Amino acid sequence: MKKLLFAIIALLPFTAMAQNVIENNQQANNNGEQKQRALFQRSNTDKRNPKYLVGAVPVVDGKVVFSTSVKAPGKSAQQIYDLVTAELEKMTKEPNQFKDSKMQDVNKPGKVVGARFKEWLVFQKSPLSLDQTIFNYTLICDCTDGQLNITLSHISYEYETDRTDTGVGQEMTAEQWITDEYALTRNKQKLARYSGKFRSKTIDRKDFIFNRFANLLK
């Protein structure tokens, strides 16, 4: 009887340790679930961001065209043209670009230069998964004394076209996919579930490019 009592007493610390491990694991799981819920909530909030909603994707004569003007006080059209040409050339050789990305001399005497881009646009990336699309577009830069006018147009996407297991590969133009009609919910209060990610990432990429040239000409 004494031996049994001693054995029970000896096991008590291990029982307490096991209980602590279980409680710690439960707390970790709860924290993980809270983080997942927070991420989900942020995702829903992003879908309602006014930046991506009605009017964020302009349509001109039936075509999606983003445009902006960048002031460059004190710089001549030739100076702006030289800076912009070098920057476009640099962009075509960045890691996210395909070899199809290349310069286009639209009107050199008129100080208009452009480039056609084929690049990866990443939606989500993690150690276990990668969701991305091929993003095609054209940039045209019209250089004048003291100002640069930029247009981003001829946008299209190639999504999972190399997959043979699901047959979900698609090729879409911006006009078919990211306009208010297609990329917003019926009440226009948030991004659509599927095409919405194309719209938001396109807008983000456009903003990045336009800001890049604004910083270039400061």
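Would the stretch 39-190 count as rounded, prolate or oblate if I go by the C-alpha gyration tensor, calling it rounded below 1.5 in a/c and otherwise prolate when a/b exceeds b/c, oblate otherwise? Since a/c reaches 1.5 and a/b is larger than b/c, the shape of the stretch 39-190 is classed as prolate. Once the Cα-Cα distance is subtracted from the 0.36 nm per residue extended length, the Gln104 to Thr161 segment shows a gain of 17.8 nm.
Remark on Ile178: its backbone amide H falls under 5 Å from none of the residues 5 or more positions apart or on other chains, H modelled at 1.01 Å from N.
I need the shape label for the stretch 161-218. Rule: rounded when a/c is under 1.5, else prolate if a/b > b/c, else oblate, with a, b, c from the alpha carbon gyration tensor. Oblate, since a/c reaches 1.5 and b/c is not below a/b. Measuring between alpha carbons in the structure, the pairs from Lys99/Lys206; Lys118/Lys197; Lys63/Lys118; Lys63/Lys125; Lys71/Lys111 lying more than 26 angstrom apart are Lys63/Lys125.
Annotation for the stretch 124-218: chymotrypsin sites (Phe, Trp or Tyr not before Pro) lying in DSSP loop with at most 13 further Cβ atoms inside 10 Å of their Cβ are Tyr194. Between Arg186 and Ser126, the modelled labels are 3.1 nm apart [label points 7 Å from Cα along Cα→Cβ].
Computed from label points 7 Å out along Cα-Cβ, the spacing between Ser67 and Gln97 is 2.5 nm.
Give the carbon-plus-sulfur fraction of the accessible surface of the stretch 59-119 in %, rounded to a whole number; probe 1.4 Å, heavy atoms of protein chains only.
52 percent
Modelled spin labels at Asn149 and Lys51, positioned 7 Å past Cα toward Cβ, are 2.7 nm from each other. Here the Karplus relation 6.51 cos²θ - 1.76 cosθ + 1.60, evaluated at θ = phi - 60°, turns the backbone of the stretch 196-204 into coupling constants of x, 5, 5, 5, 5, 5, 5, 5, 4 Hz, with x for every Gly and Pro.
The values are calculated or read from the model by the stated rules, or taken from the named source; none is laboratory data. From a predicted model like this one, the values you see are computed outputs, not experimental measurements. No Cβ is skipped: glycine too gets one built from the backbone with ideal geometry, and neighbour counts run over all protein chains shown. Protein only, heavy atoms only, side chains kept; ligands, DNA and RNA dropped before computing areas. Shrake-Rupley method; radii C 1.70, N 1.55, O 1.52, S 1.80 Å.
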